[in-house]
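Novice: To start, I am sharing the structure in question, which I have written as structure tokens.
The values are calculated or read from the model by the stated rules, or taken from the named source; none is laboratory data. Every value quoted in this text rests on a predicted model; they were computed, and no experiment measured them. No Cβ is skipped: glycine too gets one built from the backbone with ideal geometry, and neighbour counts run over all protein chains shown.
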Amino acid sequence: MRAQRLHAALQETAWDRVSARLELTRPERVTGQLPQAVRTSATLRDTLATPGDDSLRQWQGVNLGRFVAEEHYRLTRALADAGLPEEARALLAAADAILGELRENAANGVRELAEETATRVREVS
């Protein structure tokens, strides 16, 4: 994961930085490194908000947007399952904001996961 972090930092385009950070968030989540995964996802969202180039101008309508939203919901679920309701609620809000930016086709594939995740967060809150 250290190599993946370095790889993400060295990417030249915003698209590549988001993609690399997305690829880093999953193993951090899966291995239980939830604080690191939350930080990585925050950096990913910062790049989406202020990309610095035009490589991300279509992210909301392609698979990248869908994958970003899905990973945010999976991480939210992991936080809820770990008994971290405040962190889960905060990340759920960020995931919902991402979902709200997606175009219809990309959003459709995420809605079921979003609903399941919201239900789980309510259960632990």
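Novice: Any chance you could count how many residues in the stretch 1-26 are surrounded by 20 or more Cβ atoms within 10 Å (Cβ to Cβ) and without any contact (Cβ under 8 Å) to a residue 12 or more places away in the chain?
Specialist: Final tally of qualifying residues: 0.
Novice: Any chance you could count how many residues in the stretch 1-32 are among the aliphatic types (A, V, I, L, M) and modelled with pLDDT under 95?
Specialist: Applying the first criterion (among the aliphatic types (A, V, I, L, M)) to the stretch 1-32 yields 1, 3, 6, 8-10, 14, 18, 20, 22, 24, 30.
Now drop any that are not modelled with pLDDT under 95, which leaves 1, 3, 6, 8-10.
Matching residues across the stretch 1-32 total 6.
Novice: While we're here: Only one residue in L75, L48, L64, L92 is within 11 Å of V121 (Cα to Cα), among the hydrophobic types (A, V, I, L, M, F, W, C) and in contact with a helix residue (DSSP H, G or I) (Cβ under 8 Å, 6 or more places away or on another chain), so which one is that?
Specialist: Among L75, L48, L64, L92, only L92 is within 11 Å of V121 (Cα to Cα), among the hydrophobic types (A, V, I, L, M, F, W, C) and in contact with a helix residue (DSSP H, G or I) (Cβ under 8 Å, 6 or more places away or on another chain).
A quick yes/no check of all residues on (1) among the hydroxyl-bearing types (S, T, Y); (2) at pLDDT 95 or above; (3) farther than 25 Å from Q4 by Cβ:
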{"position": "L34", "(1), (2), (3)": "no, yes, no"}
{"position": "A42", "(1), (2), (3)": "no, yes, no"}
{"position": "T47", "(1), (2), (3)": "yes, yes, no"}
{"position": "V68", "(1), (2), (3)": "no, yes, no"}
{"position": "G83", "(1), (2), (3)": "no, yes, yes"}
